[in-house]
Amino acid sequence: MTHWQNAYGLLRLATRIALGTLAGRRTVSLPERLSAFPRRLPLEAAVRINWSDQQIPFVEAASARDAAVALGAVHAHLRLAQMEIMRLIAYGRLSELLGPASVDLDHTLRIVDFPRAVPQLLPRLPEETRDWLDGFVAGVNRTIEQAPSLPEEFRLFGVEPEPWRVEHVLALGRLAALDFSWRVWHRLLPLRERSDWSALWERMAVEEHAPVPSLAGATGPAEALERLWGSLGRVGSNAAAVSAKRSGTGGALLTSDPHLSIMAPNNWLALGLAWPGHRVVGLAIPGLPVVALGRNEHIAWSGTSLHAASSDLFDVTDQPEGTVWTRRERIRVRWGRDRLCDLRETEHGPIVTDAPLLGARNRRGAVARDLALTWIGHGGSDEVTAMLGMMQARDWQEFTTAIEGFAAPAQNLIFADAEGRVGQAMAAHLPRRPAGRPNDLVLPADALGNWASTVTARDLPRRFEPDAGFVASANDRPLDTLPVPVGFFFSPDERVQRLRAALEARRDVQLADLRHLHRDVAMPSAPAIRDLLVAAIEAGAATGRARHRDLLRALRDWNGHHAADSAGALAFELLLHDFLHQLHGKDGMALYRGSLQPWDLLREDMATLPPPRIAEAARRAMRRAARTFARHRNWGDLHRLVLAHPLSALPVIGRRYRFCDLPVGGSNETLMKTAHGLSSKRHRVGFGANARFLADLGQPDETYVVLLGGQDGWLGSTTFADQLALWQRGDYCRLPLTRPCVRAEYRHEMLLEPSGRSRPDA
C-alpha cells in the first residue's frame, strides 16, 4: 500500500469513529443489560441463569448440550465485540475493519496462519466435543440474532457481526495458544545481524535465567506486533496449591493469578456452569467454551505458562528447488483495493521472514535469510476435549488422563482435590530434541528430524502428594530430570522462591494468607542489587550534592518492596536505568532491553567489568537519576496502572476509552506482577496480574475471584469496570458452587425457554 492510500484509509477510519462518538455514551444499569439477554434459545429444555451484582452468571441446564448453548449466549452477551476482534485477528482480516493501515499486519497473520490445523482437527473431534461446540456456537448466533442493539464498537466501525461456526472457535483456541518463544525471537532475531551475535548467544546460553522480552522499549510496527503477541499469548502467571496437612481450613487450597496484557475489557470471564453430574466455576477466555482455571465439586486446577520451546525456526534459504511452494490469498481492504499476497511454504512450515512485520532484515533493508516456522500448534491436537475432560475430572488420575491431549499453549498445571491432596503436571507436546541448548537461535534445515516424534504429558515429570505439602509454579525453570529440553527461556526464580518461602513459613495456611500473596510487592533479591549500586556510587564519589544525598538516603533505607508509595523503589529503578545506560551505551543495552529481569546480567557486569568504568558510570548515573528523583515523590508517580480499551490508542478521542490512570506497586518479578521496561519516565504497565482466583476444596462455596476491570464488555455498563475498586482493596467476588448458595447470592434470576434446536453450519 502507498503512503497516500494508508493516509486516506486512516482519515476515513478516523472520520467514521469520530462521527460514531457524537452520539455519546450513556450509563447502562445491570437490570437493563440483563433485559437484553435472549430469553429463547435453541434448547432442549428450560435453562436457569442466576446473575450476581457483578454480572457473573451461573448456568443450570438439564443437559450438556443446553449448558453449552447457554454458555455461548453468555459469552456473546458479555463480550461479542472482543470475540469479533479476536476472530478477525485469527484469520488475518483486520483490514476489512480498519482499512489499508492493517494490511501488513494481516499479511503477517496470514503467514503465521493460526487456523492452519482446524481442517484436520474438525473431522476428528469426539462426538461429545462436537456437540458441545455446536451448542456453544448456536448460543452465540442466537444472541446475535436477537440482540436489541449491538456493542458500541460495531456502531463506531459501521459493521455487523458475522455468524459463528465451530471452526472459528477452534481458530480462537489456536490464537490463545500463541507460543511464548515468538516473543523471544521477536527481540533476538534483529541481534543476529550484529558482529558479536555469537558472543551474545553464548552469554545467554550460560545464564541461569536467559532473557525474555518486555512489552516496553520497542517502537512502531515492532511495538504493535509485540503488544499483539503479549495481549494474546499466555505468557506468565503464579499458581500454587496447599494440601490439607498444611492448610488452616482443613481442606486443600488453590491460588492463581494469571499474568496477561492489561486491557479493558479483561481477557477473562468469570462464570459458573452446571449440567447433570457436573458443577464448575472459574475463569474462561472470551469465545472459548471451556473453564481454563477453576474448580468443580472434586478438584481445582490452574496453570502457568511453561515457557516451553513449542516452536523452532529453520533456515531454509538454500533448500533445493521444488521444496518451496506458494499459495495466494486475497486480503480484502476497507477503503482501498484488495491486496493479493503470496505465502510461501516448506515442509518445515511457513516462511515467516516473508511477513512484513517479522522479516529479519540486514542493514541494506533486504531480508537476510529465509526462516521457516515449525509450531506444535499447526498440528491437530484437541485442547477443547482435553479441557472438557479437566472440567469433569474427579481425581488426579482422570485429570492427568485428560491433559494427555493438551499440546498448546504448554502449561505447568497445578492441582488440588477435595480429599486434601495436591499435584503438579506439565501439559505439552514437544519435539524430541537432543539434550542441551542449540548452537544458535535458528536451526539448520536438516534438524527437522527432531520433530519426527513428540513427547506428551505422560512422558513429562509430574508430582502428586509431595512431602512439602504444597506445589508452586511461576514460569520458572523445571527442576526435574527431563526426557527432552522443555524450553530455553525461563523466568527468574524470584517469584517461585517467594511463593515457596511464604508457604513453607506456615503450617496452617489460610485463604487470607493467599490473598496477601496476590498483592505482595516484595523482591527479596533487590537489596543485594541495591547494595551493588550503592557501592558503585560511593566508589564514584557521586554523593556531594543535597539531591544526591536524598536519593542515596532513600535507596539505603529501602526494604526491597516495590510499593506504590515507596521513595526507595523509585530511587532504585531510576538509578538502575541510568546506570546501565551509562555503563553500556545505546548499542550495549540491546541484551538488557531484551530482558524482563536484567539483574543476573548486572551481577555479572559488576563482577567482571573494570572498576573505573563502573565508578564513572555510577557518577554520571547519579547526576541524572537525582534530578529525576527530585521531581517525583514515589514509585507510583512513574509506575502507572492504565485501564484502557484498544481504541484508547486513537488520537483526540482516545481519552474516551481510558478508564483509569492510577499509581500502582509491583515490578517485573514481584508476585503482584506489573511488568515494565527499564525506564526513567512515567510509564504504563504493559502486562501483569489481571485476575485473582482462590479456592478452598474443603468448602464447595469457598471460591473467590476478582478481575482487573469488570465482567461486562459493554461500554457504559455499570459492570464494565466495577471490580477495579475491589482489586485495589484486595477484595473478591464469591463464585458459589452449590445450588442454595448460588440462588441466595446471585439474586438476578432468569429462565430461558426452548425455541427449537438448531445447529450451526459446519
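The values are calculated or read from the model by the stated rules, or taken from the named source; none is laboratory data. This one's a predicted model, so the numbers in the text were calculated from it and none came from an experiment. We place every Cβ from the backbone using ideal geometry, glycine too, and count neighbours over all the protein chains shown. These accessible areas exclude ligands, DNA and RNA; they are computed on the full protein's heavy atoms, side chains included. Shrake-Rupley method; radii C 1.70, N 1.55, O 1.52, S 1.80 Å.
The Cα center of segment 46-86 and the Cα center of segment 399-455 differ in position by 32 Å.
If the segment from Arg603 to Thr317 were pulled out straight at 0.36 nm per residue, it would be longer than the present Cα-Cα gap by 99.1 nm.
Neighbours of Pro276, meaning other residues whose beta-carbon lies under 15 angstrom from its beta-carbon, give a summed charge of -1 when Lys and Arg score +1 and Asp and Glu score -1. Once you treat every alpha carbon in segment 587-692 as an equal point and sum by Debye, what is log10 I(q)/I(0) at q = 0.10, 0.18 Å⁻¹? Each listed q corresponds, in turn, to -0.41, -1.08. For segment 465-552, the Kirkwood radius over C-alpha pairs fed into Stokes-Einstein at 10 °C and 1.306 mPa s yields D = 95 µm² per second.
Can you tally the net charge around Ser491? Count Lys and Arg as +1, Asp and Glu as -1, for every other residue whose Cβ sits under 10 Å from the Cβ of Ser491. Around Ser491, the surrounding residues sum to -1. Taking the Kirkwood radius as Rh and the Cα radius of gyration as Rg, segment 27-128 has a ratio of Rg/Rh equal to 1.08.
The residues of the chain expose on average 37 square angstrom of accessible surface per residue, using a 1.4 Å probe on protein heavy atoms.
The value given for segment 471-620 is a Kirkwood hydrodynamic radius of 17.6 Å, derived from the mean inverse Cα-Cα separation. Placing +1 on each Lys and Arg Cβ and -1 on each Asp and Glu Cβ, with no other charges, gives the chain a dipole about its Cα centre of roughly 2540 debye.
Counting only Cα atoms, the size of segment 632-762 along its three principal axes is 59, 42, 31 Å, in decreasing order.
Only Cα pairs under 8 Å and 6+ residues apart enter the sum, and on that basis the relative contact order of the chain stands at 20 percent.
If you take all other residues with their beta carbon under 14 Å from the beta carbon of Glu404, and give Lys and Arg +1 and Asp and Glu -1, the sum is -2. Each part gets one Cα centre, and for segment 653-693 versus segment 488-518 those centres are 21 Å apart.
From the protein chains alone at 1.4 Å, what is the descending order of accessible area for Glu44, Glu404, largest first?
Heavy-atom accessible area, descending, gives Glu44, Glu404.
Along its three principal directions, the equivalent ellipsoid of segment 383-475 from the Cα gyration tensor extends over semi-axes of 30, 16, 10 Å, largest first.
Remark: segment 530-572 projects, on average over all directions, an area of 2.8 nm² (convex hull of Cα atoms). Convex hull volume per residue, computed on the Cα atoms of the chain, equals 156 Å³.
Summed over qualifying helices (DSSP H, 4 residues or more, each -39500 (n - 2.57)) and divided by its residue number, the chain shows a 222 nm mean residue ellipticity of -11000 deg cm²/dmol. Here the accessible area is traced with a 1.4 Å probe on the protein chains. For the chain, carbon and sulfur cover 50 percent of it.
Amide hydrogen proximity for Asp370: with H placed 1.01 Å from N in the peptide plane, the residues at 5 or more positions away or on another chain lying under 5 Å are Val316, Thr317.
Checking the cross-link filter: which aspartates and glutamates have an alpha carbon closer than 16 Å to that of Lys673, excluding same-chain neighbours under 8 positions apart? Qualifying aspartates and glutamates at Cα under 16 Å: Asp257, Asp476, Asp493, Glu494, Asp520, Glu573. When the Cα atoms of segment 614-661 are aligned to their principal axes, the ranges along those axes come out at 46, 19, 16 Å in descending order.
Take the Cα radius of gyration of segment 89-193 and divide it by 2.2 N^0.38 Å, N being the number of residues; the result is 1.33.
The calculated P(r) of segment 450-501, using every Cα pair and 5 Å bins from 0, goes 4, 15, 22, 25, 18, 10, 4, 2, 0 in percent.
Specify, per residue and in Å³, the volume enclosed by the convex hull of the alpha carbon atoms belonging to segment 1-63.
So the per-residue hull volume is 183 Å³.
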